[in-house]
Amino acid sequence: MDLMDKLVGLCLNRGFIYPSSEIYGGIAGFWDYGPLGVELRNNLKAAWWQAMVRERDDVVGLDSSIIANPQTWVASGHVANFHDPMVDCRCCKRRFRADQIDPDDACSEAPGGEHDFTEPRQFNLMLKTRIGPAEDSSSDAYLRAETCQSIFLDFKRVMTSARQKPPFGIAQVGKAFRNEITPRNFIFRSREFEQMEMEYFVHPDEGLERFEAWRETRMGWLRGIGLAESKLRWHEHGPDELAHYAKVAYDIEFEFGFGWQELEGIHHRGDHDLRSHTEHSGKDQSYTDPDTKQRYTPHVVETSIGVDRCLLALLTSAYHQDEVGGDKRTLLRLSPRMAPFSAAVLPLSKKLSEPAQRIAADLRRRLNVDFDASGSIGRRYRRHDEIGTPLCVTYDFDSQEDRKVTVRDRDTTEQERVAVDGLRDYIEERVLGP
Ligand code: ATP
(Lines give C-alpha, C1' and ligand atoms only; values in the text may rest on other atoms or scores of the structure.)
Protein backbone atom coordinates (compact mmCIF):
# COMPACT_ATOMS: atom_id res chain seq x y z
CA MET A 1 0.00 0.00 0.00
CA ASP A 2 1.46 3.39 -0.83
CA LEU A 3 1.62 6.30 1.60
CA MET A 4 -1.40 8.05 0.13
CA ASP A 5 -3.62 4.95 0.53
CA LYS A 6 -2.45 4.58 4.12
CA LEU A 7 -3.19 8.24 4.85
CA VAL A 8 -6.63 8.11 3.26
CA GLY A 9 -7.45 4.99 5.31
CA LEU A 10 -6.23 6.56 8.55
CA CYS A 11 -8.15 9.79 7.88
CA LEU A 12 -11.34 7.89 7.17
CA ASN A 13 -11.12 5.46 10.08
CA ARG A 14 -9.94 7.87 12.73
CA GLY A 15 -12.26 10.75 11.95
CA PHE A 16 -10.06 13.23 10.10
CA ILE A 17 -11.60 13.37 6.63
CA TYR A 18 -14.54 11.65 4.93
CA PRO A 19 -15.99 11.87 1.43
CA SER A 20 -18.86 14.36 1.40
CA SER A 21 -22.40 12.89 1.25
CA GLU A 22 -20.96 9.40 1.28
CA ILE A 23 -24.24 7.53 1.72
CA TYR A 24 -25.35 8.89 -1.67
CA GLY A 25 -22.13 7.78 -3.33
CA GLY A 26 -20.18 10.95 -2.49
CA ILE A 27 -19.53 13.88 -4.82
CA ALA A 28 -16.18 14.28 -6.56
CA GLY A 29 -14.02 17.07 -5.20
CA PHE A 30 -15.87 17.66 -1.91
CA TRP A 31 -14.80 16.48 1.54
CA ASP A 32 -16.01 16.61 5.12
CA TYR A 33 -13.68 17.08 8.06
CA GLY A 34 -14.53 14.85 11.04
CA PRO A 35 -13.94 15.52 14.74
CA LEU A 36 -10.14 15.23 14.55
CA GLY A 37 -9.88 16.84 11.12
CA VAL A 38 -11.66 19.97 12.26
CA GLU A 39 -9.29 20.31 15.24
CA LEU A 40 -6.20 19.95 13.05
CA ARG A 41 -7.66 22.37 10.54
CA ASN A 42 -8.50 24.96 13.19
CA ASN A 43 -5.02 24.65 14.73
CA LEU A 44 -3.46 25.20 11.31
CA LYS A 45 -5.58 28.25 10.54
CA ALA A 46 -4.97 29.68 14.02
CA ALA A 47 -1.20 29.26 13.61
CA TRP A 48 -1.29 31.06 10.25
CA TRP A 49 -3.43 33.87 11.66
CA GLN A 50 -1.18 34.20 14.68
CA ALA A 51 1.97 34.54 12.54
CA MET A 52 0.47 36.61 9.73
CA VAL A 53 -1.85 38.96 11.60
CA ARG A 54 -1.56 38.99 15.38
CA GLU A 55 2.21 39.01 15.65
CA ARG A 56 2.56 41.84 13.14
CA ASP A 57 1.83 45.54 13.26
CA ASP A 58 1.62 45.81 9.50
CA VAL A 59 -1.00 43.16 8.63
CA VAL A 60 -4.69 43.23 9.50
CA GLY A 61 -7.49 40.74 8.95
CA LEU A 62 -10.62 40.54 6.83
CA ASP A 63 -13.53 38.15 6.44
CA SER A 64 -15.38 39.02 3.24
CA SER A 65 -18.45 37.45 1.67
CA ILE A 66 -18.03 34.44 -0.64
CA ILE A 67 -20.20 35.99 -3.32
CA ALA A 68 -19.27 39.42 -4.64
CA ASN A 69 -20.65 41.66 -7.35
CA PRO A 70 -20.01 39.65 -10.56
CA GLN A 71 -18.16 42.63 -12.08
CA THR A 72 -15.37 41.70 -9.67
CA TRP A 73 -14.61 38.61 -11.75
CA VAL A 74 -14.76 40.50 -15.01
CA ALA A 75 -12.20 42.98 -13.69
CA SER A 76 -9.97 40.26 -12.23
CA GLY A 77 -9.86 38.51 -15.60
CA HIS A 78 -11.44 35.30 -14.29
CA VAL A 79 -14.48 35.47 -16.59
CA ALA A 80 -12.29 35.79 -19.68
CA ASN A 81 -9.22 33.82 -18.68
CA PHE A 82 -9.73 31.44 -15.77
CA HIS A 83 -9.72 28.39 -18.01
CA ASP A 84 -8.13 24.99 -18.09
CA PRO A 85 -7.81 22.99 -21.32
CA MET A 86 -10.21 20.03 -21.36
CA VAL A 87 -10.23 16.96 -23.60
CA ASP A 88 -12.66 14.03 -23.87
CA CYS A 89 -11.80 10.46 -24.78
CA ARG A 90 -14.06 9.39 -27.65
CA CYS A 91 -13.84 5.75 -26.52
CA CYS A 92 -14.33 5.70 -22.74
CA LYS A 93 -16.09 9.10 -22.65
CA ARG A 94 -14.02 10.26 -19.70
CA ARG A 95 -12.92 13.85 -19.40
CA PHE A 96 -9.39 15.06 -18.64
CA ARG A 97 -7.45 18.23 -18.00
CA ALA A 98 -5.24 18.27 -21.10
CA ASP A 99 -2.12 19.48 -19.28
CA GLN A 100 -2.40 16.89 -16.50
CA ILE A 101 -2.95 13.54 -18.18
CA ASP A 102 -1.35 10.69 -16.29
CA PRO A 103 0.69 8.67 -18.84
CA ASP A 104 -0.27 5.46 -16.98
CA ASP A 105 -4.01 6.14 -17.29
CA ALA A 106 -5.37 3.55 -19.74
CA CYS A 107 -8.60 3.76 -21.71
CA SER A 108 -10.99 1.11 -20.43
CA GLU A 109 -12.72 0.72 -23.84
CA ALA A 110 -10.00 0.89 -26.50
CA PRO A 111 -8.39 -2.53 -27.18
CA GLY A 112 -4.82 -1.21 -26.73
CA GLY A 113 -5.81 1.01 -23.78
CA GLU A 114 -4.92 4.10 -25.82
CA HIS A 115 -7.26 7.10 -25.38
CA ASP A 116 -8.70 8.78 -28.46
CA PHE A 117 -8.74 12.43 -27.37
CA THR A 118 -10.74 15.30 -28.84
CA GLU A 119 -9.03 18.64 -29.49
CA PRO A 120 -8.61 20.62 -26.22
CA ARG A 121 -11.41 23.06 -25.38
CA GLN A 122 -11.18 25.89 -22.85
CA PHE A 123 -13.24 25.24 -19.74
CA ASN A 124 -13.99 28.05 -17.25
CA LEU A 125 -13.32 26.96 -13.67
CA MET A 126 -15.62 29.35 -11.86
CA LEU A 127 -18.68 27.88 -10.16
CA LYS A 128 -21.81 29.76 -11.07
CA THR A 129 -24.90 30.30 -9.02
CA ARG A 130 -28.04 32.47 -9.13
CA ILE A 131 -29.02 35.24 -6.75
CA GLY A 132 -32.64 36.25 -6.11
CA PRO A 133 -35.84 35.23 -7.90
CA ALA A 134 -35.01 36.35 -11.48
CA GLU A 135 -34.34 33.52 -13.93
CA ASP A 136 -32.33 35.50 -16.49
CA SER A 137 -28.61 36.08 -16.69
CA SER A 138 -28.86 39.29 -14.63
CA SER A 139 -29.06 37.06 -11.56
CA ASP A 140 -25.88 35.11 -12.39
CA ALA A 141 -23.14 35.23 -9.79
CA TYR A 142 -20.00 33.30 -8.97
CA LEU A 143 -18.71 31.53 -5.90
CA ARG A 144 -15.31 33.12 -5.41
CA ALA A 145 -12.43 31.31 -7.09
CA GLU A 146 -9.89 32.90 -4.75
CA THR A 147 -10.24 34.87 -1.55
CA CYS A 148 -7.96 37.74 -2.55
CA GLN A 149 -10.25 39.71 -4.88
CA SER A 150 -12.31 41.06 -1.97
CA ILE A 151 -9.10 42.16 -0.32
CA PHE A 152 -8.48 44.40 -3.32
CA LEU A 153 -12.07 45.66 -3.27
CA ASP A 154 -11.87 46.51 0.43
CA PHE A 155 -8.33 47.88 0.23
CA LYS A 156 -9.26 51.54 0.83
CA ARG A 157 -11.84 50.86 3.53
CA VAL A 158 -9.45 48.65 5.46
CA MET A 159 -6.51 51.02 5.07
CA THR A 160 -8.44 54.00 6.39
CA SER A 161 -10.41 52.31 9.14
CA ALA A 162 -7.38 50.38 10.45
CA ARG A 163 -5.20 53.53 10.20
CA GLN A 164 -2.69 51.75 8.00
CA LYS A 165 -0.69 52.97 5.03
CA PRO A 166 1.68 51.22 2.63
CA PRO A 167 3.59 49.12 3.39
CA PHE A 168 0.83 47.07 4.99
CA GLY A 169 -1.05 43.85 4.34
CA ILE A 170 -4.56 42.41 4.53
CA ALA A 171 -5.01 38.74 5.36
CA GLN A 172 -7.97 36.48 4.92
CA VAL A 173 -8.84 32.82 5.49
CA GLY A 174 -11.87 31.50 3.70
CA LYS A 175 -13.56 29.15 1.28
CA ALA A 176 -12.87 29.20 -2.45
CA PHE A 177 -14.48 27.18 -5.21
CA ARG A 178 -13.16 25.92 -8.54
CA ASN A 179 -14.93 23.63 -10.94
CA GLU A 180 -11.78 21.52 -11.38
CA ILE A 181 -12.04 19.17 -14.37
CA THR A 182 -10.39 16.33 -12.52
CA PRO A 183 -10.36 16.77 -8.76
CA ARG A 184 -7.88 14.24 -7.43
CA ASN A 185 -5.21 13.15 -5.01
CA PHE A 186 -7.56 13.21 -2.04
CA ILE A 187 -7.86 16.77 -0.68
CA PHE A 188 -4.98 18.09 -2.82
CA ARG A 189 -7.22 19.27 -5.63
CA SER A 190 -10.85 19.73 -4.68
CA ARG A 191 -13.72 21.82 -5.94
CA GLU A 192 -14.44 23.41 -2.57
CA PHE A 193 -11.39 24.29 -0.52
CA GLU A 194 -10.06 26.94 1.79
CA GLN A 195 -7.28 29.47 1.24
CA MET A 196 -5.12 31.55 3.55
CA GLU A 197 -4.11 34.60 1.56
CA MET A 198 -2.32 37.83 2.33
CA GLU A 199 -1.96 40.82 0.01
CA TYR A 200 0.82 43.24 0.94
CA PHE A 201 0.50 46.77 -0.49
CA VAL A 202 3.74 48.62 -1.09
CA HIS A 203 5.28 51.59 -2.85
CA PRO A 204 6.38 50.41 -6.34
CA ASP A 205 10.07 50.95 -5.50
CA GLU A 206 9.81 48.66 -2.50
CA GLY A 207 8.07 45.73 -4.18
CA LEU A 208 11.03 43.45 -4.86
CA GLU A 209 12.59 43.92 -1.44
CA ARG A 210 9.30 43.07 0.31
CA PHE A 211 8.78 40.15 -2.02
CA GLU A 212 12.10 38.63 -0.98
CA ALA A 213 11.32 39.21 2.69
CA TRP A 214 7.95 37.46 2.36
CA ARG A 215 9.55 34.51 0.60
CA GLU A 216 11.83 33.99 3.55
CA THR A 217 9.05 34.50 6.11
CA ARG A 218 6.72 32.03 4.45
CA MET A 219 9.33 29.29 4.01
CA GLY A 220 10.29 29.73 7.67
CA TRP A 221 6.66 29.38 8.74
CA LEU A 222 6.17 26.17 6.79
CA ARG A 223 9.23 24.65 8.44
CA GLY A 224 8.04 25.89 11.81
CA ILE A 225 4.72 24.07 11.63
CA GLY A 226 6.57 20.80 11.13
CA LEU A 227 6.98 20.27 7.38
CA ALA A 228 10.19 18.36 6.68
CA GLU A 229 12.81 20.62 5.12
CA SER A 230 13.78 17.92 2.61
CA LYS A 231 10.23 17.96 1.26
CA LEU A 232 10.12 21.70 0.53
CA ARG A 233 11.65 23.48 -2.46
CA TRP A 234 11.33 26.63 -4.54
CA HIS A 235 9.99 26.74 -8.05
CA GLU A 236 10.39 30.00 -9.95
CA HIS A 237 7.79 30.66 -12.62
CA GLY A 238 9.42 30.67 -16.04
CA PRO A 239 8.38 33.19 -18.72
CA ASP A 240 5.71 30.79 -20.03
CA GLU A 241 4.11 30.29 -16.58
CA LEU A 242 4.27 33.87 -15.37
CA ALA A 243 0.95 35.74 -15.51
CA HIS A 244 1.28 38.62 -17.99
CA TYR A 245 1.00 41.23 -15.22
CA ALA A 246 3.26 39.48 -12.68
CA LYS A 247 6.74 40.81 -12.05
CA VAL A 248 8.15 37.67 -10.46
CA ALA A 249 6.52 34.60 -8.94
CA TYR A 250 7.68 31.62 -6.93
CA ASP A 251 5.83 28.58 -5.73
CA ILE A 252 6.83 26.62 -2.70
CA GLU A 253 6.52 23.00 -3.72
CA PHE A 254 6.10 20.07 -1.40
CA GLU A 255 6.90 16.44 -2.09
CA PHE A 256 3.51 14.82 -1.63
CA GLY A 257 3.20 11.04 -1.93
CA PHE A 258 2.41 11.61 -5.64
CA GLY A 259 5.33 13.92 -6.51
CA TRP A 260 6.46 17.54 -6.11
CA GLN A 261 3.47 19.88 -6.32
CA GLU A 262 2.57 23.48 -5.56
CA LEU A 263 1.76 24.12 -1.93
CA GLU A 264 1.97 27.92 -1.73
CA GLY A 265 2.34 30.74 -4.22
CA ILE A 266 4.31 33.93 -3.47
CA HIS A 267 3.71 36.35 -6.29
CA HIS A 268 4.67 39.94 -7.03
CA ARG A 269 1.55 41.11 -8.85
CA GLY A 270 2.64 44.67 -9.58
CA ASP A 271 -0.25 47.15 -9.65
CA HIS A 272 -2.39 44.92 -11.87
CA ASP A 273 -5.21 44.30 -9.39
CA LEU A 274 -5.81 47.77 -8.02
CA ARG A 275 -5.41 49.29 -11.47
CA SER A 276 -7.87 46.88 -13.03
CA HIS A 277 -10.48 47.49 -10.31
CA THR A 278 -9.98 51.23 -10.72
CA GLU A 279 -10.70 50.91 -14.45
CA HIS A 280 -13.75 48.66 -14.09
CA SER A 281 -15.38 50.34 -11.10
CA GLY A 282 -14.47 53.93 -11.96
CA LYS A 283 -13.34 54.33 -8.32
CA ASP A 284 -9.77 55.44 -7.92
CA GLN A 285 -7.73 52.94 -5.89
CA SER A 286 -4.51 54.92 -5.84
CA TYR A 287 -2.91 56.24 -2.68
CA THR A 288 -1.43 59.64 -1.91
CA ASP A 289 1.40 59.66 0.59
CA PRO A 290 0.60 62.47 3.06
CA ASP A 291 4.30 63.19 3.67
CA THR A 292 5.66 63.26 0.12
CA LYS A 293 2.30 64.08 -1.56
CA GLN A 294 3.25 61.44 -4.11
CA ARG A 295 0.27 59.64 -5.64
CA TYR A 296 0.70 56.04 -6.78
CA THR A 297 -1.14 52.77 -7.24
CA PRO A 298 0.39 50.40 -4.69
CA HIS A 299 2.08 47.23 -5.88
CA VAL A 300 1.03 43.96 -4.33
CA VAL A 301 2.98 41.01 -2.98
CA GLU A 302 0.72 38.02 -2.45
CA THR A 303 1.20 34.92 -0.34
CA SER A 304 -1.42 32.25 -1.00
CA ILE A 305 -1.71 28.78 0.48
CA GLY A 306 -4.51 26.23 0.54
CA VAL A 307 -5.56 25.05 4.01
CA ASP A 308 -6.40 21.60 2.69
CA ARG A 309 -3.14 21.23 0.76
CA CYS A 310 -1.18 22.36 3.78
CA LEU A 311 -3.05 19.90 5.97
CA LEU A 312 -2.24 17.09 3.54
CA ALA A 313 1.42 18.16 3.59
CA LEU A 314 1.36 18.07 7.41
CA LEU A 315 -0.13 14.59 7.44
CA THR A 316 2.35 13.39 4.79
CA SER A 317 5.31 14.72 6.82
CA ALA A 318 3.94 13.35 10.07
CA TYR A 319 3.09 9.80 9.00
CA HIS A 320 5.55 7.24 10.38
CA GLN A 321 5.62 3.56 11.17
CA ASP A 322 8.08 2.08 13.64
CA GLU A 323 8.43 -0.68 16.21
CA VAL A 324 8.18 -0.36 19.95
CA GLY A 325 9.12 -3.39 22.06
CA GLY A 326 8.63 -5.67 19.03
CA ASP A 327 5.20 -4.20 18.23
CA LYS A 328 4.60 -2.30 15.02
CA ARG A 329 2.92 1.04 15.45
CA THR A 330 1.71 3.90 13.25
CA LEU A 331 2.25 7.40 14.51
CA LEU A 332 1.62 10.94 13.36
CA ARG A 333 4.57 13.07 14.40
CA LEU A 334 2.53 16.26 14.27
CA SER A 335 3.97 19.26 16.04
CA PRO A 336 2.24 19.59 19.44
CA ARG A 337 0.59 22.85 18.36
CA MET A 338 -1.03 21.18 15.37
CA ALA A 339 -2.12 17.88 16.93
CA PRO A 340 -5.91 17.50 17.33
CA PHE A 341 -5.45 16.57 20.99
CA SER A 342 -2.64 18.17 22.97
CA ALA A 343 -2.82 15.37 25.51
CA ALA A 344 -4.88 12.37 26.55
CA VAL A 345 -5.69 11.48 30.14
CA LEU A 346 -5.84 7.73 30.68
CA PRO A 347 -6.88 6.20 34.03
CA LEU A 348 -5.14 2.84 34.40
CA SER A 349 -8.38 1.33 35.64
CA LYS A 350 -11.98 2.47 35.23
CA LYS A 351 -12.08 2.71 39.03
CA LEU A 352 -9.69 5.64 38.78
CA SER A 353 -11.89 7.57 36.35
CA GLU A 354 -13.10 10.21 38.75
CA PRO A 355 -9.77 11.74 39.80
CA ALA A 356 -8.45 11.36 36.24
CA GLN A 357 -11.51 13.22 34.90
CA ARG A 358 -10.70 16.07 37.25
CA ILE A 359 -7.19 16.30 35.79
CA ALA A 360 -8.60 16.30 32.25
CA ALA A 361 -11.08 19.05 33.15
CA ASP A 362 -8.26 21.20 34.51
CA LEU A 363 -6.14 20.73 31.37
CA ARG A 364 -9.13 21.48 29.15
CA ARG A 365 -9.24 25.07 30.31
CA ARG A 366 -6.71 25.93 27.63
CA LEU A 367 -5.99 22.79 25.61
CA ASN A 368 -7.95 20.17 23.73
CA VAL A 369 -7.59 17.04 25.85
CA ASP A 370 -9.07 13.58 25.38
CA PHE A 371 -10.21 11.34 28.20
CA ASP A 372 -9.97 7.66 27.33
CA ALA A 373 -10.73 4.90 29.83
CA SER A 374 -11.42 1.92 27.59
CA GLY A 375 -9.05 -0.86 26.48
CA SER A 376 -5.61 -1.90 27.65
CA ILE A 377 -3.18 0.94 28.31
CA GLY A 378 -1.00 -0.25 25.42
CA ARG A 379 -3.90 -0.06 23.00
CA ARG A 380 -4.81 3.39 24.22
CA TYR A 381 -1.22 4.57 23.68
CA ARG A 382 -1.29 3.18 20.11
CA ARG A 383 -4.63 4.85 19.43
CA HIS A 384 -3.21 8.21 20.44
CA ASP A 385 0.09 7.68 18.61
CA GLU A 386 -1.91 7.11 15.45
CA ILE A 387 -3.78 10.40 15.73
CA GLY A 388 -0.70 12.37 16.77
CA THR A 389 -1.44 13.11 20.45
CA PRO A 390 1.99 14.25 21.71
CA LEU A 391 1.50 13.38 25.40
CA CYS A 392 -0.42 10.70 27.29
CA VAL A 393 -1.04 11.18 30.99
CA THR A 394 -1.63 7.97 32.92
CA TYR A 395 -3.30 8.04 36.30
CA ASP A 396 -2.47 4.85 38.21
CA PHE A 397 -3.04 3.44 41.68
CA ASP A 398 0.16 5.07 43.00
CA SER A 399 -1.18 8.43 41.84
CA GLN A 400 -3.67 8.28 44.69
CA GLU A 401 -0.78 8.20 47.17
CA ASP A 402 2.01 10.27 45.62
CA ARG A 403 -0.14 12.78 43.66
CA LYS A 404 1.94 12.10 40.57
CA VAL A 405 1.05 10.89 37.08
CA THR A 406 3.07 9.30 34.29
CA VAL A 407 3.51 11.41 31.19
CA ARG A 408 4.48 9.46 28.07
CA ASP A 409 6.04 11.10 25.02
CA ARG A 410 4.58 9.99 21.68
CA ASP A 411 7.82 10.04 19.68
CA THR A 412 10.32 8.60 22.16
CA THR A 413 7.76 6.63 24.25
CA GLU A 414 9.79 7.76 27.25
CA GLN A 415 7.85 8.17 30.49
CA GLU A 416 8.27 10.62 33.29
CA ARG A 417 6.56 11.02 36.69
CA VAL A 418 5.14 14.51 37.03
CA ALA A 419 3.42 16.05 40.07
CA VAL A 420 -0.30 16.65 39.49
CA ASP A 421 0.06 20.14 40.92
CA GLY A 422 2.54 21.20 38.23
CA LEU A 423 0.95 19.19 35.40
CA ARG A 424 -0.92 21.98 33.68
CA ASP A 425 2.18 24.18 33.47
CA TYR A 426 4.29 21.21 32.36
CA ILE A 427 1.92 20.28 29.52
CA GLU A 428 1.22 23.84 28.42
CA GLU A 429 4.94 24.47 28.14
CA ARG A 430 5.49 21.29 26.13
CA VAL A 431 2.59 22.12 23.79
CA LEU A 432 2.52 25.89 23.55
CA GLY A 433 6.21 26.58 24.26
CA PRO A 434 7.78 28.58 27.08
P1 ATP B 1 -2.84 24.49 -9.55
O2 ATP B 1 -1.78 24.88 -10.57
O3 ATP B 1 -2.40 23.36 -8.64
O4 ATP B 1 -4.20 24.31 -10.11
P5 ATP B 1 -3.06 27.26 -8.99
O6 ATP B 1 -1.72 27.73 -9.44
O7 ATP B 1 -4.26 27.44 -9.83
O8 ATP B 1 -2.95 25.71 -8.56
P9 ATP B 1 -3.43 29.36 -7.13
O10 ATP B 1 -4.47 30.02 -7.95
O11 ATP B 1 -2.06 29.95 -7.08
O12 ATP B 1 -3.33 27.82 -7.55
O13 ATP B 1 -4.02 29.14 -5.67
C14 ATP B 1 -3.28 29.40 -4.51
C15 ATP B 1 -3.25 28.18 -3.59
O16 ATP B 1 -4.57 27.69 -3.36
C17 ATP B 1 -2.48 27.00 -4.16
O18 ATP B 1 -1.11 27.11 -3.89
C19 ATP B 1 -3.10 25.84 -3.42
O20 ATP B 1 -2.50 25.65 -2.15
C21 ATP B 1 -4.54 26.27 -3.23
N22 ATP B 1 -5.42 25.65 -4.24
C23 ATP B 1 -5.63 26.08 -5.50
N24 ATP B 1 -6.51 25.28 -6.14
C25 ATP B 1 -6.85 24.32 -5.26
C26 ATP B 1 -7.74 23.20 -5.30
N27 ATP B 1 -8.45 22.92 -6.40
N28 ATP B 1 -7.87 22.42 -4.21
C29 ATP B 1 -7.17 22.70 -3.09
N30 ATP B 1 -6.32 23.74 -2.98
C31 ATP B 1 -6.16 24.55 -4.03
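The values are calculated or read from the model by the stated rules, or taken from the named source; none is laboratory data. As the structure is a computational prediction, the values presented were derived from the model and not from experiment. Because the Cβ atoms are built from the backbone with ideal geometry, glycine has one as well, and the counts that use them run over all protein chains shown. For the accessible areas, the whole protein counts, side chains as well, though only heavy atoms, and no ligand, DNA or RNA atoms are used. Shrake-Rupley method; radii C 1.70, N 1.55, O 1.52, S 1.80 Å.
Meeting the requirement of 3 or more residues that are aliphatic (A, V, I, L, M) and either within 16 Å of the ligand (Cβ to nearest atom) or surrounded by 17 or more Cβ atoms within 10 Å (Cβ to Cβ) (or both), the strands (runs of 3 or more DSSP E) wholly within segment 214-324 are 248-256, 299-306. Looking only at residues of segment 144-163 that are of a type outside the set (Asp, Glu) and within 16 Å of the ligand (Cβ to nearest atom), we find that the one that is farthest from the chain's Cα centre (by Cα) is Phe152.
Would you mind stating whether Thr330 is surrounded by fewer than 22 Cβ atoms within 10 Å (Cβ to Cβ), without any contact (Cβ under 8 Å) to a residue 12 or more places away in the chain and of a type in the set (Ser, Thr, Tyr)? So Thr330 does not fit the description; no.
Among all positions in segment 114-121, there is no residue which is charged (D, E, K, R), in contact with a Ser or Thr (Cβ under 9 Å, 6 or more places away or on another chain) and open to solvent by less than 70 Å² (accessible area, probe 1.4 Å). Inspection of segment 16-31 finds a residue satisfying the criterion of being touching a Leu at 6+ places or on another chain (Cβ under 7 Å), crowded, with 17+ Cβ neighbours inside 10 Å, at pLDDT 95 or above and not in a helix (DSSP H, G or I).
Out of Asn185, Asn179, which single residue is at positive phi, open to solvent by 30 Å² or more (accessible area, probe 1.4 Å) and within 16 Å of the ligand (Cβ to nearest atom)? Spell out how you get there, then give the answer.
Values: Asn179 fails: at positive phi.
Result: Asn185 is the single residue among Asn185, Asn179 that is at positive phi, open to solvent by 30 Å² or more (accessible area, probe 1.4 Å) and within 16 Å of the ligand (Cβ to nearest atom).
A count restricted to segment 128-142 and to residues that are in a strand (DSSP E or B) and open to solvent by 80 Å² or more (accessible area, probe 1.4 Å) stands at 2. Residues in segment 381-410 that are open to solvent by less than 60 Å² (accessible area, probe 1.4 Å), under 29 Å from the mean Cα position of the chain (by Cα) and of a type outside the set (A, V, I, L, M): Tyr381, His384, Asp385, Glu386, Gly388, Thr389, Pro390, Cys392, Asp409, Arg410.
Can you name every residue in segment 365-382 that is charged (D, E, K, R) and touching a strand residue (DSSP E or B) at 6+ places or on another chain (Cβ under 9 Å)?
Selection gives Asp370, Asp372, Arg380, Arg382.
Would it be correct to say that Gly77 is surrounded by 13 or more Cβ atoms within 10 Å (Cβ to Cβ), of a type outside the set (Ser, Thr, Tyr) and either out of contact with any Ser or Thr (no Cβ under 9 Å at 6 or more places or on another chain) or under 20 Å from Ala176 (Cβ atoms) (or both)? Criteria met by Gly77. Kindly establish whether Ala344 is crowded, with 22+ Cβ neighbours inside 10 Å, of a type in the set (Gly, Ala, Ser), touching a residue at least 24 places away in the same chain (Cβ under 8 Å) and touching a strand residue (DSSP E or B) at 6+ places or on another chain (Cβ under 9 Å). Answer is yes for this residue.
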